[in-house]
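Below you'll find the structure, written out as structure tokens, and then a few comments.
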Amino acid sequence: MTTAPTDSGDSYALETVEISKLFGAVKAVDELTISIPRKGMTSIVGPNGSGKSTLVNLLSGTLPLDGGIVIIDGVGLKVVKAHETPDHGLTRTFQEVRLFDQITVWDNIMVVLTSRKLFPAMLERTQSSHREKAQAILENVGMWDKRRALAMDLSYGQRKLLEIGRAMALDVDTYLFDEPFAGLFPQMLERVKEIMKGMRDEGRTIVFISHIMDIVREMSDHIIVLDSGKLLTAGEVEGVLNREEVIEAYLGA
Amino acid sequence: MELPIIGDIIRLSRDPKDSLRLSRSNLEFWVNLLIISWAVAFAIWQGVGFAITVGTVFAIWAILSVSLNLVVGFTGLLSVAHIGFFGIGAYAMAILTSDAAYEQLRTEAIPTLGWPFFAALPVSVGVAGLVAVVVGIAFNRFRDDIYVLVSFGFAVIAFNVFLNWRSLTRGAFGIHEIERPAIGGWVFDGELEFLALVLVSLAVVILIAWFLMTSSFGRVLTAIREDEQATEVFGYQVTHYKLAIWVISAMMAGLAGGLFGSWTTFVDPNSFVLMESILLVSIVILGGLATIWGSLLGAMAFVLLEEGMRFLPFLPSEFVGQGRQVVLGILLVVLMLFRPQGLVGRYKL
């Protein structure tokens with residue numbers, strides 16, 4: 001891990017400096033430099049294949065960087081190690097909803113709450129503080145009744161909720177949600193929106209990817225538009241969404 | 001510890017009619033009942049001496065299957081390397097304690113150390129653990145089907161070391177006159193005393209396994225089994241967790257090996273061939289992944305099958321060994337078709 005001093009100060013939760021990711025000859029992310037303001041909601045939009053999910057994977061250490069620097073909470077990293085991201089104050093959900101399928105809903109949350117140190121974890125039994133927190137989270141996402149079910153037996157919407165709950169169990173500053181609204185019924189969709197607004201109101205930084213323009217318009221304070229792995233434009237929502245190049249990128253006109 | 005049968009029996013005694021109706025569709029209950037009553041009937045039919053022998057074989061296999069289940073069932077690493085650690089434990093015991101003056105060929109002579117059993121047993125455990133650290137660090141890079149292949153490689157290498165490092169293992173001649181346990185002047189040469197010793201060892205292994213698997217550590221292992229990368233995102237250095245359980249499991253196998261060497265008083269490489277490892281994995285899957293009780297049941301079923309086939313009138317004794325493999329193979333195929341979670345398990349590979 002490389003830690004480099006940065007002059008960007010404290011105004012950004014997340015920044016990247018010319019980060020790249022190649023898949024073969026395809027530049028999924030191409031020397032991308034962005035900055036995500038602290039607090040509030042920032043959405044990442046762009047056509048399919050514009051590098052949104054790859055960007056989230058790079059930020060969270062799920063994919064290794066091919067170049068550039070990621071700055072999380074003022075700390076510059078050339079290599080983002082996934083298991084260190086919670087210490088930097090960041091966590092994420094996955095586009096394809098990656099739960100721990102063959103363990104219970106309850107244990108899916110508990111995994112995130114318990115000790116991360118190897119030997120203390122061997123001796124640690126479930127503590128009442130863990131139980132209370134898990135219960136609060138499960139009630140918040142409306143999964144308390146399902147706590148004994150295996151994660152694999154949940155419906156798609158419930159899986160999405162549980163994954164968001166699992167991320168919430170980690171007490172960090174910045175949450176990356178990869179398509180939290182995709183494939184949800186309207187009722188579920190409202191619920192997810194409420195949960196995310198609640199987190200924002202607590203003063204956390206929420207970053208999400210979405211294709212649903214109405215939600216992007218409604219929810220986000222800032223917006224980042226990607227196209228072919230490059231930054232198309234970024235800024236306040238209304239200004240950006242009315243720009244011609246954004247409309248072009250989406251409609252292909 | 002999950003002891004489904006006890007709960008079932010209590011319910012049965014309280015309300016026999018209702019419970020009988022309920023458990024008619026409860027396969028787990030019948031499997032438990034079948035295997036346990038089979039074991040009891042077998043012991044009564046064949047007498048105490050035979051029951052003690054079968055019990056000792058069972059306890060050694062049970063230590064192996066419970067410890068392997070920690071790696072295969074709880075952590076999701078399908079390893080066929082386990083027999084290698086079992087062999088290392090057995091050879092450590094043999095080399096340290098054997099009275100090697102016995103029948104030594106000049107070309108195959110090994111040093112006589114003459115350690116007592118209780119000094120050699122921790123070494124069996126420790127050497128298996130040390131080898132596991134080195135092997136585990138290398139294995140941490142692999143997953144899934146590749147993992148099976150590299151663990152296969154380790155089992156083959158271990159066998160060849162036992163066979164060819166003749167200045168240490170006497171190769172194919174094997175090592176005779178391995179020490180039986182003794183405390184002071186009291187030697188455990190009686191089979192019953194030895195059975196007590198292996199059962200105590202099994203109890204210790206079960207206790208450690210249960211304690212670890214119900215801790216936060218155990219929960220993280222199951223998360224690693226389900227999605228290693230997602231587990232990492234939540235701040236866990238999964239390589240450390242995988243290595244830790246791998247070493248603990250190998251040490252338990254080393255313990256089983258030490259006991260086995262002392263019990264048979266003779267080891268040779270043929271006890272540690274790859275096939276035994278595959279049988280072991282079959283027992284774990286047969287009994288049920290990620291359940292300690294299932295591994296005990298699986299080991300019991302396997303030992304009963306093995307010993308029971310000696311008494312089949314139509315089966316010549318020279319086919320018993322192959323016979324048990326055929327039966328186990330068929331059982332495994334049938335089970336995977338109709339009950340992929342094993343006899344009492346809940347999880348699938």
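Find out how many positive minus negative residues lie around B:GLY257, taking Lys and Arg as positive, Asp and Glu as negative, among other residues whose Cβ is under 14 Å from that of B:GLY257.
Result for the local shell: -2.
Size of the dipole of chain B about the Cα centre, Lys and Arg at +1 and Asp and Glu at -1 on the beta carbon, nothing else charged, in debye to 20?
720
So if each residue of separation counts as 0.36 nm, and I subtract the Cα-Cα distance between B:VAL156 and B:ASP144, what length gain in nm does that give?
Full-extension gain reported as 2.4 nm.
So how do B:VAL40, A:VAL111 line up by other beta-carbon neighbours within 10 Å, fewest first? Could you put the intermediate results ahead of the total?
Details: B:VAL40 11, A:VAL111 23.
Result, fewest neighbours first: B:VAL40, A:VAL111.
Between B:LEU70, B:LEU168, B:LEU202, which gets the highest mean-square fluctuation from a Gaussian network model of chain B, Cα cutoff 10 Å?
B:LEU168
So if R0 is 35 Å, what FRET efficiency would A:ARG217 and A:TRP144 give, r being the distance between their Cβ atoms, rounded to the nearest 0.05? It would help to have the intermediate numbers written out before the result.
Numbers: r = 32 Å, r/R0 = 0.93.
That gives a FRET efficiency of 0.60.
Could you give the nm distance between label points at A:ASP66 and A:SER11, where each point is 7 Å from its Cα heading toward the beta carbon?
Label-label distance for A:ASP66 and A:SER11, simple model: 3.2 nm.
With r defined as the distance between the Cβ atoms of B:TRP165 and B:VAL204 and R0 fixed at 25 Å, what FRET efficiency is calculated, to the nearest 0.05?
Efficiency, from the Cβ-Cβ distance: 0.25.
Rank A:THR33, A:ASN242, B:LEU77 by how far each Cα sits towards the positive end of the charge dipole of the protein assembly as shown (+1 on Lys, Arg Cβ; -1 on Asp, Glu Cβ) and give me just the farthest.
Highest projection toward the positive end goes to B:LEU77.
Two decimals, Cα atoms only, Kirkwood Rh: what is Rg/Rh over region A:89-154?
The Rg/Rh ratio comes out at 0.98.
Give me the distance in nm between label points sitting 7 Å out from Cα along the Cα-to-Cβ direction at B:HIS240 and A:LEU123, one decimal.
Inter-label distance under the simple model: 1.5 nm.
Based on the mean of other beta carbon atoms within 10 Å per residue, what is the order of A:191-198, A:220-227, most packed first?
Ranked by mean Cβ neighbours within 10 Å, highest first: A:220-227, A:191-198.
Please report how far the C-alpha centroid of region B:178-248 lies from that of region A:180-212, rounded to the nearest whole angstrom.
For region B:178-248 versus region A:180-212, the Cα centre distance is 43 Å.
Cut-off is 10 Å between beta-carbons; in what order do A:ILE137, B:ILE292 appear when sorted fewest neighbours first?
By the 10 Å Cβ count, ascending: A:ILE137, B:ILE292.
Could you pull out the pairs from A:LYS52/A:LYS117; A:LYS21/A:LYS160; A:LYS52/A:LYS78; A:LYS21/A:LYS81 whose alpha carbons sit more than 25 Å apart here?
A:LYS52/A:LYS117; A:LYS21/A:LYS160
Would you work out the charge dipole size for the protein assembly as shown about its Cα centre, treating the Cβ of every Lys and Arg as +1 and the Cβ of every Asp and Glu as -1, and quote it to the nearest 20 debye?
Using Cβ point charges on Lys, Arg, Asp and Glu, the protein assembly as shown gives about 1100 debye.
Could you line up B:SER98, A:SER228 from fewest to most neighbouring Cβ atoms inside 10 Å?
Taking fewest neighbouring Cβ atoms as first place, the list is A:SER228, B:SER98.
Please name whichever of B:ALA155, A:THR16, B:LEU337 sits farthest to the positive end of the charge dipole of the protein assembly as shown, dipole taken about the Cα centre and charges placed at Cβ: Lys and Arg +1, Asp and Glu -1.
Final value for the positive-end residue is B:LEU337.
DSSP beta bridges in region A:142-252, what fraction antiparallel, as a percent rounded to 5?
60
Where does the longest stretch of chain B lie that holds no GluC sites (Glu not before Pro) found in a DSSP loop with 14 or fewer other Cβ atoms within 10 Å?
On the way: sites that count: B:GLU2, B:GLU103.
The reported range is B:104-349.
Between B:TRP38 and A:MET152, take the C-beta separation as r, use R0 = 30 Å, and let me know the FRET efficiency to the nearest 0.05.
0.35
Count, for each residue of B:218-224, the Cβ atoms from other chains sitting within 10 Å of its Cβ, then give me the mean as a whole number.
Per residue, the average neighbour count from other chains is 6.
Counting only other chains, and only Cβ atoms inside 10 Å, what mean value do you get across the residues of A:161-167?
1
What is the distance in Å between the Cα centroid of region B:117-163 and that of region A:34-106?
36
What list of ³J(HN,Hα) values in whole Hz, one per residue of region B:310-323 in order, does the Karplus curve 6.51 cos²θ - 1.76 cosθ + 1.60 (θ = phi - 60°) give from phi, with Gly and Pro shown as x?
Per residue, the Karplus-derived 3J(HN,Hα) values read 4, 9, 6, x, 8, 9, x, 4, 6, 9, 4, x, 5, x Hz.
I'd like the distance separating the alpha-carbon centroids of region A:223-240 and region B:296-330, in whole Å.
For region A:223-240 versus region B:296-330, the Cα centre distance is 69 Å.
So if a site counts as exposed when it's one of the chymotrypsin sites (Phe, Trp or Tyr not before Pro), its DSSP state isn't H, G, I, E or B, and it has at most 16 other Cβ atoms within 10 Å, what's the longest stretch of chain B without one? Write out the running numbers ahead of the final one.
Numbers: sites that count: B:TYR102, B:PHE142, B:TRP165, B:PHE266, B:PHE314.
For chymotrypsin sites (Phe, Trp or Tyr not before Pro) (loop position, at most 16 other Cβ atoms within 10 Å), the longest site-free span of chain B is B:1-101.
Every read-out reported here was derived from the displayed coordinates using simple, explicitly stated rules and does not represent laboratory data. Please read these numbers as outputs of a predicted model, since none were measured by experiment. Because the Cβ atoms are built from the backbone with ideal geometry, glycine has one as well, and the counts that use them run over all protein chains shown.
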